[in-house]
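Quick notes on the structure that follows.
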Amino acid sequence: RAIPEVLECHHLTGSDGVILKVVVSSVGHLEDVISQMGSCGMTTTAIVLSSPVLGRSIDPVKPTNNSH
């Protein structure tokens, strides 16, 4: 089911299965979004306090003949 507040979803290695980037207007709104995800399993929430390095762009890496 689509949740419009979810901007990004990434599969992870380790004990956490995925990380989501969401945008909400308040803590109450965050609670509502988290409750919509309840059927997906247990959640852990972290809030970004600051972003010392914002999205930088890099040139794509060109594959070499030896790459797999």
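The values are calculated or read from the model by the stated rules, or taken from the named source; none is laboratory data. Remember, it's a predicted structure, so these values are computed and weren't measured experimentally. Ideal geometry is used to build each Cβ from the backbone, glycine not excepted, and the neighbour counts take in all protein chains shown.
If you go through the range 1-28 and keep only what is in a helix (DSSP H, G or I) and either within 10 Å of the chain's Cα centre (by Cα) or under 13 Å from Ile47 (Cα atoms) (or both), you end up with just Val27.
For the range 49-68, the set of residues classified as aliphatic (A, V, I, L, M) and either surrounded by 10 or more Cβ atoms within 10 Å (Cβ to Cβ) or modelled with pLDDT under 90 (or both) consists of Val53, Leu54, Ile58, Val61, listed by residue number. Can you find a residue in the range 32-48 that is among the hydrophobic types (A, V, I, L, M, F, W, C), surrounded by 10 or more Cβ atoms within 10 Å (Cβ to Cβ), touching a Ser or Thr at 6+ places or on another chain (Cβ under 7 Å) and in a helix (DSSP H, G or I)? Scanning the range 32-48 turns up at least one residue that is among the hydrophobic types (A, V, I, L, M, F, W, C), surrounded by 10 or more Cβ atoms within 10 Å (Cβ to Cβ), touching a Ser or Thr at 6+ places or on another chain (Cβ under 7 Å) and in a helix (DSSP H, G or I).
Can you find even one residue in the range 14-34 that is on the phi < 0 side of the Ramachandran plot and in contact with a helix residue (DSSP H, G or I) (Cβ under 8 Å, 6 or more places away or on another chain)? Give the derivation first.
At the first step, the residues of the range 14-34 found to be on the phi < 0 side of the Ramachandran plot are 15-34.
Filter once more, so that each one left must be in contact with a helix residue (DSSP H, G or I) (Cβ under 8 Å, 6 or more places away or on another chain): 22, 24.
Yes, the range 14-34 contains at least one residue that is on the phi < 0 side of the Ramachandran plot and in contact with a helix residue (DSSP H, G or I) (Cβ under 8 Å, 6 or more places away or on another chain).
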